[in-house]
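See structure below.
The values are calculated or read from the model by the stated rules, or taken from the named source; none is laboratory data. From a predicted model like this one, the values you see are computed outputs, not experimental measurements. Note that we place each Cβ from the backbone using ideal geometry, even for glycine, and neighbour counts take in every protein chain shown. Remember, those area values only see protein heavy atoms, side chains included, never the ligands or the DNA or RNA. Shrake-Rupley method; radii C 1.70, N 1.55, O 1.52, S 1.80 Å.
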Amino acid sequence: MKQLVEAITDMREEEALRLAKQMLDKGESPLDVLADCRQAMTNVGKKFESGEYFVSELILAGEILKSISAEVKPRLKQSAAAQQGPKVLLGTVKGDIHDIGKDIVNFMLDVNGFQVTDLGVDVAPAAFVEQIKTLKPAVVALSGFLTLSYTSMKETVDAIKAGGVRDKVKIMIGGGTVDEQVCSYAGADAFGKDAMAAVELAKKWTEGK
């Protein structure tokens with residue numbers, strides 16, 4: 001719905017939530033609501049890059065998304081079995097405290113049936129290694145928005161190798177201007193340009209598991 005995309009993009013929080021509820025109550029697919037949210041977040045991202053929006057707008061957009069997701073999630077939950085899906089360990093790497101992109105990836109993985117453990121932001125490499133050994137996830141997702149996070153991503157992958165668990169997990173990275181070059185530098189298996197790409201990677205890596 002065009003109005004929902006515009007309401008989120010323009011930071012009209014109450015209107016966005018009302019429109020999302022209306023769509024769901026009319027029987028529209030929760031996935032359509034999510035698609036509108038993704039489009040709006042793309043718009044917000046462009047406004048941020050152009051200097052029209054600032055960090056405060058990014059934070060507000062994240063809050064709007066959380067409010068809408070609280071309405072969408074219950075309608076997307078399939079059977080309890082869906083939540084017994086493959087495990088994903090997620091976190092923003094050390095030195096970076098951005099969580100909006102990470103939260104969107106968390107949400108999208110969750111509604112696609114993955115069991116997600118979110119370690120939060122500014123996560124030390126040792127914490128990832130410890131949780132891999134404890135939780136035994138199939139996928140590790142490293143998020144970072146700042147360019148300095150690329151070194152942290154590399155240090156985290158190196159720590160996972162040193163911990164002897166690199167061959168137990170697939171590692172994806174994402175956020176900011178992460179690309180193939182950063183992926184190669186960090187030693188990750190792949191990068192996701194957005195939350196849907198992260199879901200597709202996770203699905204591809206865990207098929208049949």
Most mobile listed residue (162, 20, 197) in the chain, GNM with C-alpha springs under 10 Å: 162
Kirkwood Rh and Cα Rg combined as Rg/Rh, the range 52-197: 0.97
Acute angle (nearest 10 degrees) that the helix 100-111 long axis makes with the longest principal axis of the chain, alpha-carbon atoms: 90
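Once you have the Kirkwood Rh of the range 133-207 from its Cα pairs, apply Stokes-Einstein at 10 °C and 1.306 mPa s and quote D in µm²/s. Can you show the working numbers first?
Working: Rh = 12.4 Å.
Rounded to a whole number, D works out at 128 µm²/s.
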Most mobile listed residue (124, 70, 16) in the chain, GNM with C-alpha springs under 10 Å: 70
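Can you give the charge dipole size of the chain about its Cα centre, rounded to the nearest 20 debye, using +1 on the beta carbon of Lys and Arg and -1 on the beta carbon of Asp and Glu? Kindly include the intermediate steps, with their values, before the conclusion.
Working: 26 positive and 30 negative charges, 178 e Å.
Computed about the Cα centre, the dipole is about 860 debye.
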Accessible area per residue, Å², the range 99-165 with all protein chains present, probe 1.4 Å: 39
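Would you rank 148, 24 by solvent-accessible area, highest first, keeping every protein chain in place and using a 1.4 Å probe? Working shown, then result.
Values: 148 95, 24 10 Å².
In descending accessible area the options line up as 148, 24.
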Calculated P(r) of the range 88-151 - Cα pairs past 21 Å, %: 18
Nearest 10 degrees, 0 to 90: helix 149-162 Cα axis against the chain principal axis: 50
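So what is the orientation-averaged projected area of the range 1-128, using the convex hull of its C-alpha atoms, in nm²?
Numbers: hull surface 33.3 nm².
Projected area, direction-averaged: 8.3 nm².
In the chain, what percent of the accessible surface is made up of carbon and sulfur (1.4 Å probe, ligands and nucleic acids excluded)? Before the final figure, lay out each step's value.
Working: 5470 of 10350 Å².
On the chain, the fraction of accessible area on carbon and sulfur atoms equals 53 percent.
Specify, per residue and in Å³, the volume enclosed by the convex hull of the alpha carbon atoms belonging to the range 13-64. Kindly include the intermediate steps, with their values, before the conclusion.
Values: hull volume 3.3 nm³, N = 52.
It is 63 Å³ per residue.
Under the definition of Cα pairs under 8 Å and six or more residues apart, what whole-number percent is the relative contact order of the chain?
Numbers: 316 pairs, mean separation 34.5, N = 209.
Rounded, it is 17 percent for the chain.
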Value at 222 nm in deg cm²/dmol, rounded to 500, when DSSP H runs of n ≥ 4 in the chain each add -39,500 (n - 2.57): -18000 deg cm²/dmol
